[in-house]
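Here's the structure, in structure tokens; my notes come after.
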Amino acid sequence: MQEEFFERYEFACRYMLAGSGVAPLSYAELSELASDTPPAPLAALGYTPSAGYLELREEIASMYVGAAAENVLVTVGAIEALMIATNLLLNPDEKLVCLWPSYQPLYEHAKALGARVRFVELDDVDGFAIDPTRIVDAVGNSTRLVMLNVPHNPTGATLSAAELRRLVDALAPRGVHVIVDEVFREMWPRHEQSAWNGAPNLVVLGSLSKCYGLPGLRIGWMLAPPDLIVEARRFRKYTSLNPGSLDQEWALRALRARERLLARTHRMVSDGLAIATAWLAEHEDIFRAVPPRGGGLIFPRLLTGEPTRDFCVRVVERTGVLLAPGSECYAAEGFLRLGYATPELADGLDRLAECL
Ligand SMILES: Cc1ncc(COP(=O)(O)O)c(C=O)c1O
């Protein structure tokens, strides 16, 4: 299980090269980057409206064409949105279609509520291409939900907004909802527009964690038709009640300074991708990597045959460099997860080379 592996090493390692988002900002950096956004007049330390502060919902809505505050639920990270949306859109014995490998909460909530999961496998031999036809073919009579994450964790594969919307339209007459987890969408300087177009069977998720470097704020969001947002707001009365008021305050300030935050991310992504690509090419006898097309991860195959957990434990204990093993994080033995959007990358890869 991914979180267990991270629990052991994430805060003890010297070089974090397993993170999927951009290297996080410090509080001082965020204060600096958001210095001319006046403190939002929100921060009473009481409960907040359970859908999130209206100002923040409006700010999030303004990032999506045609969205309004009533389409937005502010969540405690995208992970809470995954939990709420899955519980609202799926019943026991119904089926979820999901890509494999995938970030575990994309399908574990479905399993926990007694639904079945049908995986559409991505293969490095095909460049991890996501084929919408295979997704439609995997949808059966009992399928109620398709869960996609684009750009995709861990492969960096992606689909265009047009392809996603065609898929959503194709599944609408069959009573199937599509959740598109877009938490990595803005990581690259050139990125796809959101799939959001207000379709009644589409839910889109976003977050401050990956593209904005603010995972500690624990702020994500869910965009959906207004009636589903009302149901989600009611559901959340039993989960978190509301996201933290200070987190929402800082989220609003961060989003108002988002061009500066994204410029920082795009610099780190461009630098990191160039370094990682050159390094992997130098070590192509040991790793075989598919070039990513978005997100913050590369998912190379380890060609030595060593179990990836053993490899990662050996590396972190000897050098302090943390990579994530495919076996633990995705039930995908043979692959490693490498996060490249960090200034620690070059030094970390130098250390890693000592272990090869
Ligand atoms: C695909 C995907 N969705 C959601 C999340 C959760 O993000 P958040 O920090 O916003 O809860 C992650 C975190 O790794 C992720 O990889």
Taking into account only those residues within the stretch 215-239 that are of a type outside the set (D, E, K, R) and open to solvent by less than 10 Å² (accessible area, probe 1.4 Å), which is farthest from the ligand (Cβ to nearest atom)? Ile229
Single unsatisfied condition, Ala34 versus (1) open to solvent by less than 20 Å² (accessible area, probe 1.4 Å); (2) within 16 Å of the ligand (Cβ to nearest atom): (2)
May I ask you to list the residues in the stretch 66-85 that are under 12 Å from Ile229 (Cα atoms), in contact with a Leu (Cβ under 6 Å, 6 or more places away or on another chain) and within 11 Å of the ligand (Cβ to nearest atom)? Ala81
Between a residue in the stretch 332-356 that is of a type in the set (Ser, Thr, Tyr) and any residue that is assigned to a loop (DSSP other than H, G, I, E, B) and surrounded by 21 or more Cβ atoms within 10 Å (Cβ to Cβ), which pairs come within a Cβ distance under 8 Å, given they are 6 or more apart or on different chains? Tyr340/Leu17; Tyr340/Gly296; Thr342/Leu17; Thr342/Gly19; Thr342/Val22
Taking the stretch 174-183, which residues are open to solvent by less than 10 Å² (accessible area, probe 1.4 Å) and either closer than 22 Å to Ala341 by Cα or within 16 Å of the ligand (Cβ to nearest atom) (or both)? Val178, Ile179, Val180, Asp181
For Leu56, state whether it is of a type outside the set (S, T, N, Q), surrounded by 15 or more Cβ atoms within 10 Å (Cβ to Cβ) and either within 22 Å of His152 (Cβ to Cβ) or more than 16 Å from the ligand (Cβ to nearest atom) (or both). no
Boolean, Ala81 is open to solvent by 10 Å² or more (accessible area, probe 1.4 Å) and of a type outside the set (D, E, K, R): no
Please go through (1) in contact (Cβ under 8 Å) with a residue 40 or more places away in the chain; (2) of a type in the set (A, V, I, L, M); (3) within 16 Å of the ligand (Cβ to nearest atom) for Ala138 and return the number of the only condition it doesn't satisfy. (3)
Filter the stretch 327-341 for residues that are surrounded by 23 or more Cβ atoms within 10 Å (Cβ to Cβ) and modelled with pLDDT of 95 or more; the one that is nearest to Arg267 (Cα to Cα) is Ala341
Residue count, the stretch 198-215, condition among the polar types (S, T, N, Q) and assigned to a loop (DSSP other than H, G, I, E, B), comes to 2
Could you tell me whether Ile135 is more than 24 Å from Glu231 (Cα to Cα), in contact with a helix residue (DSSP H, G or I) (Cβ under 9 Å, 6 or more places away or on another chain), part of a loop (DSSP other than H, G, I, E, B) and of a type in the set (A, V, I, L, M)? no
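The values are calculated or read from the model by the stated rules, or taken from the named source; none is laboratory data. For clarity, every value in this text was computed on a predicted model and none was experimentally measured. Cβ atoms come from the backbone with ideal geometry, glycine included; neighbour counts cover every protein chain shown. Heads up: the accessible areas ignore ligands, DNA and RNA and are worked out on the full protein's heavy atoms, side chains in. Shrake-Rupley method; radii C 1.70, N 1.55, O 1.52, S 1.80 Å.
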